[in-house]
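Only one structure is covered here, and it is reproduced in the block below.
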Amino acid sequence: MKITDHIKNANGKTLFSLEVVPPQKGIGIEDLYKNIDPLMEFKPPFIDVTTSREEYIYLDKGNGLMERRITRMRPGTLGICAAIQHKYNVDTVPHVLCGGFSQEETEYLLVDCMYLGIDNVMALRGDAMKGEQHFVPTVGGHRNAMDLVHQMNDLGRGKYLHDEKISAEENKFCIGVAGYPEKHMEAPSMNYDLKWLKQKVDAGADYIVTQMFFDNKKFIDFVKQAREIGINVPIIPGIKPIATKGHLQMLPKVFKIDLPEDLISEVEKAKDNTAVKQIGIEWAIAQCRELMDFGVPVLHFYSMGKSDNIKKIAKEIF
Ligand code: FAD
């Protein structure tokens with residue numbers, strides 16, 4: 001079922017959802033299930049599965065030389081979507097990237113989604129590869145998420161890359177795109193970023209999921225600005241409970257977000273990571289309650305392989 005239909009059917013009640021990351025190659029899927037199992041009692045109507053970009057690895061040739069190879073350390077997004085769907089009877093949302101995929105490869109992936117009964121896809125550009133300064137489009141691939149949205153929509157109308165046959169019957173994907181309450185790191189201004197977000201929606205995106213944020217005011221301002229420029233699709237906030245002291249440096253560095261002063265000083269004062277986890281849980285509960293009052297359709301949790309803190313938060317708010 002489409003995420004927009006899940007939202008409509010909820011009649012204004014806020015839904016719970018989560019994002020999971022595929023395991024590293026060779027680890028198996030059991031740990032992922034152990035993370036999802038405790039959260040199923042909150043009845044997520046959908047679970048997102050991320051896609052990792054390919055990266056360079058260096059193999060020691062044993063003769064003093066290193067060989068550079070390119071590989072994807074966490075493959076299997078679509079297989080995991082199918083496995084989760086089968087095991088839990090829940091909709092899954094594969095993240096589809098521009099980076100690392102030609103348009104042909106994207107088409108094959110979308111065709112597989114259709115065969116698997118996957119109705120929702122998340123259209124993302126992807127970051128620059130590790131060690132590269134800028135995002136470089138893959139040969140034959142898209143350069144931004146908007147073009148990917150166009151391809152997804154075309155396919156739903158029966159328009160494939162090799163021909164222009166438009167079928168009468170629409171089989172449209174429900175398409176999600178990313179939004180940034182604190183602006184995407186490459187955008188020169190918030191207005192610029194919002195203008196391109198609007199283009200993604202005009203191209204056919206059906207809903208927006210935001211980057212994580214810790215200050216609700218930033219999300220609420222973002223939603224207001226988006227509405228002012230005519231973005232009328234559901235906007236789903238992304239929630240990440242802080243869990244370690246190391247997150248104070250890691251989260252801003254990786255996700256280009258700010259942390260509120262109050263949260264920083266509470267975490268700095270905490271005696272160990274157990275105390276930090278509790279601070280993160282309480283912060284997220286307060287955040288979620290306020291966001292529910294604001295009327296968000298879904299609270300989308302970034303699990304990053306951990307579910308115990310998300311379970312404690314969900315128990316308080318759902
Ligand atoms: P775009 O929408 O293409 O925007 C990228 C930048 O270009 C922005 O600064 C925008 O303002 C600008 N821009 C957009 N369109 C145009 C245009 N037509 N012309 C000129 N400029 C333009 N990354 C992963 O690798 N795997 C994942 O699974 C993943 N999941 C994510 C889930 C969510 C909810 C979010 C918020 C992010 C996720 N990311 C993921 C990270 C994402 O890939 C990066 O943030 C990436 O740098 C931008 O992706 P985008 O889809 O927002 O790009």
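The values are calculated or read from the model by the stated rules, or taken from the named source; none is laboratory data. Small disclaimer: the values here were computed from a predicted structure and weren't measured. So basically every Cβ, Gly included, is an ideal-geometry build from the backbone, and we count neighbours across all protein chains shown. When the accessible area is computed, the model is the full protein with side chains, heavy atoms only, and any ligands, DNA or RNA have been set aside. Shrake-Rupley method; radii C 1.70, N 1.55, O 1.52, S 1.80 Å.
Set the bar at 24 Å for Cα to Cα. Now go through 2/159; 245/312; 256/312 and name every pair that lies beyond it.
Numbers: 2/159 21 Å; 245/312 19 Å; 256/312 27 Å.
Long pairs (Cα-Cα over 24 Å): 256/312.
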Problem set entry | Antiparallel bridges, percent of DSSP beta bridges restricted to the chain (to nearest 5) | 20
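Return the FRET efficiency for the residue pair residue 265, residue 24: r is the Cβ-Cβ distance, R0 is 45 Å, and the value is rounded to the nearest 0.05.
Numbers: r = 35 Å, r/R0 = 0.77.
Approximately 0.80, to the nearest 0.05.
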Exercise. Ignoring ligands, DNA and RNA, what percent of the accessible area of the stretch 18-75 is carbon or sulfur (1.4 Å)?
Worked result: 52
Exercise. Between the stretch 172-201 and the stretch 75-92, what is the C-alpha centre distance in whole Å?
Worked result: 27
Seminar exercise, completed: Per the charge dipole of the chain (beta-carbon charges, Lys/Arg positive, Asp/Glu negative, Cα centre), the residue among 270, 161, 175 reaching farthest to the positive end is 270
For this session: Any chance you could check the Cα centroid distance between the stretch 296-318 and the stretch 255-280 for me, in angstrom?
Result: 17
Problem set entry | For the stretch 123-219, the Rg and Dmax computed from alpha carbons only, in angstrom | 15.4, 47
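How long are the three semi-axes of the equivalent ellipsoid for the chain, computed from the Cα gyration tensor as the root of 5 times each eigenvalue, in whole Å, largest first? Please report the intermediate quantities before stating the final value.
Values: eigenvalues 173, 133, 87 Å².
The answer is 29, 26, 21 Å, longest axis first.
Report in % the part of the accessible area of the stretch 159-248 that belongs to carbon and sulfur, leaving out ligands and nucleic acids; probe 1.4 Å.
Numbers: 2100 of 4100 Å².
Taking all protein chains in place, the stretch 159-248 shows 51 percent carbon and sulfur surface.
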Problem set entry | Largest-first ordering by accessible area, 1.4 Å probe, given options 274, 50 | 274, 50
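Report the charge-dipole magnitude of the chain in Debye, nearest 20, computed about the Cα centre from +1 at each Lys and Arg Cβ and -1 at each Asp and Glu Cβ. Please list the in-between numbers first.
Details: 40 positive and 44 negative charges, 83 e Å.
For this selection, approximately 400 debye.
Determine Rg/Rh for the stretch 164-244; Rg is computed over alpha-carbon atoms and Rh is the Kirkwood hydrodynamic estimate from the same atoms. Numbers along the way, then the final one.
Working: Rg = 14.8 Å, Rh = 13.9 Å.
We get a ratio of 1.07 for the stretch 164-244.
Keeping every protein chain present and rolling a 1.4 Å probe, give me the accessible area per residue for the chain in Å².
Values: 15700 Å² over 318 residues.
Heavy-atom accessible area per residue stands at 49 Å².
Counting each DSSP H run of 4 or more residues in the chain as -39500 (n - 2.57), what helix-only mean residue ellipticity at 222 nm follows after dividing by all residues, to the nearest 500 deg cm²/dmol?
-12500 deg cm²/dmol
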